[in-house]
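Structure first, commentary second.
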Amino acid sequence: MKKAFCVLFALVFAFLLCSCGAKQSQPAPNSAGAEFQTVTLPAGSEVDLDLSAMSGTMVYSEVYNIMSSPENYLGKTIKMNGAFATDDNEIYYFCIIKDATACCQQGIEFILKDGNYPNDYPEPGTDITVKGTFEKYMEGDQAYYHLVDAVLC
């Protein structure tokens, strides 16, 4: 319940920040036909979606797609960069991604492979690049999504 409240609060806060300025009519992103291209990184590790290589506008759009249609991303390896954040109880860990104008932000939860807090996690606010597999988990009747077996790059 507390996590649901925190997520709802973060989304409302992000909406309020993004609602400043003139409104423009834009078509909603369509992720129904989302295709993934595997990219081989120099270290030899593969990702299905590399958000760290996209522009701020593209990253924010893709994160919107992830949040809107998470089932399209299940099992995909995603790499992203942003600011590290945790909740007040240090139970949930997030990579906070800002849009191109740095006014709006969304977070994707992750769990480091064999990591324990605070030893293996950075200080809140630290810029990070994280890679992991996008998976679904349940808390009661509520579905949540996060990156599992994540590693800091």
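The values are calculated or read from the model by the stated rules, or taken from the named source; none is laboratory data. Just so it is clear, the model here is predicted, and its values are computed rather than measured. Glycine also receives a Cβ, built like all others from the backbone with ideal geometry; neighbour counts cover every protein chain displayed. Surface areas here come from the heavy atoms of the whole protein model, side chains and all, with no ligands, DNA or RNA. Shrake-Rupley method; radii C 1.70, N 1.55, O 1.52, S 1.80 Å.
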Inset, instruction - Answer yes if at least one residue in segment 124-138 is more than 16 Å from VAL59 (Cα to Cα), open to solvent by less than 30 Å² (accessible area, probe 1.4 Å), free of Cβ contacts under 8 Å to residues at least 40 places away in the same chain and out of contact with any helix residue (DSSP H, G or I) (no Cβ under 7 Å at 6 or more places or on another chain), and no otherwise. - result: no
Inset, instruction - Mind counting the residues in segment 37-60 that are modelled with pLDDT of 80 or more, open to solvent by 50 Å² or more (accessible area, probe 1.4 Å) and over 12 Å from ASP99 (Cβ atoms)? - result: 2
Inset, instruction - Quick one: which strands (runs of 3 or more DSSP E) lie wholly within segment 93-153 and hold at least 1 residues that are more than 17 Å from LEU49 (Cβ to Cβ) and either more than 12 Å from the chain's Cα centre (by Cα) or among the acidic types (Asp, Glu) (or both)? - result: 105-112, 127-139, 142-152
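Pick from segment 88-114 the residues that are surrounded by fewer than 16 Cβ atoms within 10 Å (Cβ to Cβ) and among the acidic types (Asp, Glu): which of them is modelled with the highest pLDDT? Outline the logic, then answer.
So the first thing to find is which residues in segment 88-114 are surrounded by fewer than 16 Cβ atoms within 10 Å (Cβ to Cβ), and the list is 88-91, 100-103, 113-114.
In the following step, the residues that additionally are among the acidic types (Asp, Glu) were identified as 88, 90, 114.
On the way: ASP88: 86, GLU90: 83, ASP114: 82.
Once the filter is applied, the top-ranked residue is ASP88.
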Legend entry - Residue match in segment 61-73 (condition: open to solvent by less than 30 Å² (accessible area, probe 1.4 Å) and in a loop (DSSP other than H, G, I, E, B)): yes
Legend entry - Hey, GLY82 among the small types (Gly, Ala, Ser) and under 19 Å from ILE66 (Cβ atoms) or not: yes
